[in-house]
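Below is one structure, written out as structure tokens; comments come after it.
The values are calculated or read from the model by the stated rules, or taken from the named source; none is laboratory data. None of these values were measured; they are calculated from a predicted model. As a convention, Cβ positions derive from the backbone with ideal geometry for all residues, glycine included, and neighbour counts pool all protein chains shown. Keep in mind that these areas ignore ligands, DNA and RNA; they rest on the heavy atoms of the full protein, side chains included. Shrake-Rupley method; radii C 1.70, N 1.55, O 1.52, S 1.80 Å.
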Amino acid sequence: MNFQEDVVSKIGNLTVLNMGEIIANIDSREISLVTGGDGEDIILLLPTLGDNFVSSGAGDDILVGNGGDDTLNGGEGDDLIASLSGNDSLSGGRGNDTLTGGGVSFTNDLLLVTVDTSGIDTLTGGEGEDLFVLGGRSSTISKEAETDIIYYDEAGNKDYALITDFNKIEDTINLGGATSDYHLGSSRNDLPAGTALYQDGELIAIIQGSSQLSLEDSYFQGN
């Protein structure tokens, strides 16, 4: 899929595109279920406190949630799935997917972060070489003004990503800042099991799937 730099920052109500053609324009407060068919779908939700379920069919799709506890399923294809505030569930399905609790954009294959995020998000990549974005460089007009953005760094155990199926052989985790700013440890007994990722003592993610992870390995990417 060829991502455009501003694709995640488009505004509107609920905009559904199939193969580049707008097929629906709906106020997202009026709906709780959206299903995209086969083909390259773009589904964007307007900021709302409602909880939405969005599912797309086969194709390289872009799904963007917003306020509320959203469930976003990409289906087969190389999908970009992004949520913002709320306790969201993101699933990539089969394909090489990008999953993030915040906004991202791509310019010349460079990933840039557009907004921060909050809540407890569940990220499931599915089969394929998936990218889990937990932060990165901000998207600005001036490269000199770019800053590091770290997701899930403000609310302790009420604010983290749960990555359910990380495969260190083929998946990647993108971090805000240098990998040396982070450390790995065990998850607390009152939280889901897995490898806990911390930054300055703040829980950023709990990683399930592969064990015996190392921040020095290439599946962790910093800035």
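Worth pointing out:
- Of everything listed in (1) modelled with pLDDT under 60; (2) within 26 Å of residue 177 (Cβ to Cβ); (3) open to solvent by less than 40 Å² (accessible area, probe 1.4 Å), the single unmet condition for residue 144 is (3).
- Annotation: of all residues in region 51-92 being open to solvent by less than 20 Å² (accessible area, probe 1.4 Å) and of a type in the set (S, T, N, Q), the one that is farthest from residue 150 (Cα to Cα) is 56.
- Every test in (1) at pLDDT 80 or above; (2) open to solvent by 50 Å² or more (accessible area, probe 1.4 Å) is passed by residue 109 save one, and that test is (1).
- Members of region 159-214 found to be among the acidic types (Asp, Glu), modelled with pLDDT of 95 or more and open to solvent by less than 20 Å² (accessible area, probe 1.4 Å), listed by number: 171
- Strands (runs of 3 or more DSSP E) lying entirely in region 142-223 (those with 1 or more residues that are more than 19 Å from residue 130 (Cβ to Cβ)): 148-150, 182-186, 195-199, 202-209
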